Each structure stands twice: as structure tokens, then as C-alpha cells.
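In what follows, a structure is listed as C-alpha cells, so that the remarks can point back to it.
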Amino acid sequence: MTTDDAIGAAQATPEPVEGPAAWREVFHGRRGRLTAGLLVLEALVAVQSLIVATILPDVRRDLGMVQLYGLAFTAMSLATIASIPIVGRAVDRFGTKAVLVPVLAFFAAGLLVSATAPAMPIVLVGQFLQGIGGGGLYALSLGTVAKTYPDRLRPRVLALLATMWILPGLVGPPVGAAIASTVGWRWAFIAPLPVLVCTWLLITPVLDLVPRSDARGPALALRWPLQLMVGAGLVFAALTAVERWVPVAVAAGLVIGVPALSHIAPRGTFRAVPGMPATAAAAFLLSVSFLAMDAFLTLMLTEVRGLSLGAAGLVITVASVTWAIGAWWQSDRAERRTLSWLVGVGVSFLFVGQAAVASTLWTHVPLAVAYVGWGAVGLGMGIAFATIPLAAMRSSGAGEESAELSSVLLMDMLGVATGAGLGGAAVAMSDAFDASLRAGIGGAFAIALVAALGLAAITPRIPSGRGTRQASAWADP
């Protein structure tokens, strides 16, 4: 699609408003097995993400190098920056069935490397490989939803995917803490491996339901996502050090990464142009805001407020439950309310909850405030996080759903890397200048609040219905 097509396409007439679809429709026939497979994939990623977030303080105590703490999250998200657009294009070009096995293989390799890591840098390698697989699963799952399910069923499927974080949220943190305190944190990376095999056996027989584009489409342009990954990696790695060479490395990373990003993200993303560009910008800011706080929440509760790892992990459980509640609430209103309104509601809960959590950096504030506040954050994320990809799906073209959606998902993952990277930089600077850990974590929390305010400012620009098609500029040079 040309630039003129993307910028000048007329708004399509909205479909008649209908009530929400019945839940049983997404489990009907063979499509029900596909739904079950997607849910297991989501649960797998959810369990592993929540366990890693819980056990990472133990990994840091065992292997040291606190300055690399934030990079454990950043390494995974950097890999997803490259894998999401590549897998998105690959699904359109080769089909879901051909892409699934390589993606699962990368995820398994990351688990094994992390489990056997003798030092923190090797853990980063494992998280990087796991990020390739996790990002691929993310693009594959949502691309499959966009291709296979009618628009009226998509909010239900997205709500079900969010629900897959409830049980992991309930059992993941305590199981992670139990594993770390008994047989050791390494086994937390080994436990998910049998689930990978079961997932493959469940979902493979019904992947023929996922339609492929009649046209082969453009060749996979690997240069831009890989160049973006390298540039972003330079920036975020440099931010964890306090050395004279840091400004040079950051500048080099920006010179490498920004042009690549301009070829991948929807045109106008940097200016939050109404439509798909604003949707991509919103995905970025939402993840920056969430990860800048989420990545350091258990560290704050254990090291600043003195909680045990198990007690600190319960705050993740609370947010997992409220996240699912928010997604289910959103799914009942996605056909009756504008999507920009729904995102605005989510951002309101996000900001208020984050402000409450940040206040618990002061020891005179009751710890219950952190649990209530993070529950509000989970509720807001459940509403906003499910709405943003829905807005992107409604703006994508037939046969190119995965590729176009992947540019928005990439901005989401770039936000994850940015939030964790900037937060990690704040913690690393506090360590370098002999400041308190409280000050470093406070800097990370401040980044989260600023990003939430930025998201609130652009929320009205998110498309409210079936709007203009605006494709990514990513193509072969």
C-alpha cells in the first residue's frame, strides 16, 4: 500500500452496533480447539513471565551484578523487537503452521540457557532467546486472532487471553518463590518445557483454520528489525553504566535505531497521528509506564520495605486477577463504547494506582497501599491493554493482519524495553553515585508516571471504530 493510500483512505462506515457475542461461540467446533491452543500458549508465557519477575531477586543474590538487574527484562524485550515484525510477516507469507515450531524452539532454548547460566550475563542470553520465542508467540497468537475470528468475537478472545493470567498470577509467584527457596531458582526455567510439547500437540491439527493471504506479499525485510534491535540494545546497555563513553553509545544507538524504527512503525507514530499511528504510540507509552514500575516492584518490596519474596510476589497475583477483570469488563463494552474512551478509563486507573504504589517508597505509608494500588494498575492495564490491539485489528487490511498488527505489537515491546531500560538506568545510577536503592527505584517510578500522563494526552487520537487502513512503512529497500 502506498503512502497516499495510507494517509488518504476514507473512513469506512461503522458496522451496526450489536450486543457482545456469546462466550460459547469462541469454543464452537474446531475453532474451539484453536481457541484452547491459543489460551495454553498465553498461559505458558504468563507463568514464565510471572515466575521470572518473582525469582529475579534470588537470581541477583546468587549471581550478583545488580547493575544488570534491569537488563534481564530488557534483553527479553530487545529480542521481541526483532522477532515480532519478522514473525508477523512470516505468518502472512508462510502460514501459522510453518512458523509455530521455530518459535517454540527458541523459547525452549532460552529456558535451558537461563536454567544452566553460571553468571548473570548468561542469564541475559537466555532471556534474549526466550524473548525471540515469546515475541514470536505474541505476534503469532494475535495475528491468528485477527485472521481467524470475526470482529465481534475478538473482544471475547482477547478477554480470555487476559484470563489466562489469573491462574498463573495466583500460582506463579508463590510457586516461583517455593522453587527458589527449595530446589533452587534454576528449576523455574525447566518446569515449562513439557508444556511446550503439549501445546504443540494441541494446536497443530487445527492450524489449517488460519487463512493465508492469496498474495505472497513482499519479501521479509530482516534488516530493519535487526537494525532496530542493535540500536536499542546500544542505548539500553549504555544506560546501565555511568561512564564517559555513555553519551557516545547512546547517540550511536539512536543513529542506528531511529531510522530502522521509522521503516517499521506506522507512518506518523512519532507524532501520534490519529488512527493506527496513535494506536502504536499508545501501545509504546502504556508499556513504558507499566514496565518502569513492574520491573522493580518486587525489588522495592523486598529490599526497601523488607518483605519476603513470597509476600512480595502476592502483589503480582493481585494485579493478575484485576487485569483479567478489566479485560472481561472491556469485552462487554467494546461494541457499545468508543475504543478511545475505554483506553482513557484504563489510563485513569493506571495512573492513580501507580501514584499509590510510589507513595509506599516512604516507610510510614502502609504496605496495604501498594497492594491496593497495584490492583488498580492491573485493572487499568486489563482495560487498556486489550483495547489497543483491538483498535489495530479494526484498522488492518485483509490478508495483511499479522504484518500490520505486528508494527503495533513491536511498539508495545519497544515500550517494555524502554520502561525496563530507563528504570534500570535509574537504579544503576543510584548504585554508581552511592545513593540509596530507594532513590533509584523512585526514579524508575517517576518515569512510569510521566509515561502514563503522556498516554492520557494522546488517547483521544486512538481510532474508535473500523477506521482508516494505515500500513507500516516496512518494506524491502
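Modelled spin-label separation between Trp245 and Thr116, with each label point placed 7 Å from Cα along the Cα-to-Cβ direction: 3.1 nm. Solvent-accessible area assigned to carbon and sulfur over the range 221-275 amounts to 73 percent, based on a 1.4 Å probe. With a Förster radius of 45 Å applied to the beta-carbon distance between Ala435 and Val101, the computed FRET efficiency rounds to 0.40. Estimated at 0.36 nm per residue, the fully extended path between Val197 and Arg31 surpasses their Cα-Cα distance by 57.7 nm. Peptides 275-288, 222-235 ranked from most to least packed give 275-288, 222-235, packing being the mean of other C-beta atoms within 10 angstrom over each peptide's residues.
Here the label points at Arg152 and Thr182, each 7 Å from Cα along the C-beta direction, are separated by 4.8 nm in the simple model.
Using only the alpha carbon atoms of the range 250-405, find the Kirkwood hydrodynamic radius as the inverse mean reciprocal pair distance, in angstroms to one decimal.
About 17.1 Å, per the Kirkwood formula over Cα pairs.
For the range 93-156, the fraction of 1.4 Å probe accessible surface lying on carbon and sulfur atoms is 78 percent. Reported value for the range 296-384: 68 Å³ per residue, from the convex hull of its C-alpha atoms. Counting every C-alpha pair in the range 175-329, the share spaced more than 23 angstrom apart comes to 67%.
The values are calculated or read from the model by the stated rules, or taken from the named source; none is laboratory data. Everything numeric in this text was worked out from a predicted model, so none of it was measured. All Cβ positions, even for glycine, are placed from backbone atoms using ideal geometry, and neighbour counts span all protein chains on display. What goes into the accessible areas is simple: the full protein's heavy atoms, side chains included, and nothing from ligands, DNA or RNA. Shrake-Rupley method; radii C 1.70, N 1.55, O 1.52, S 1.80 Å.
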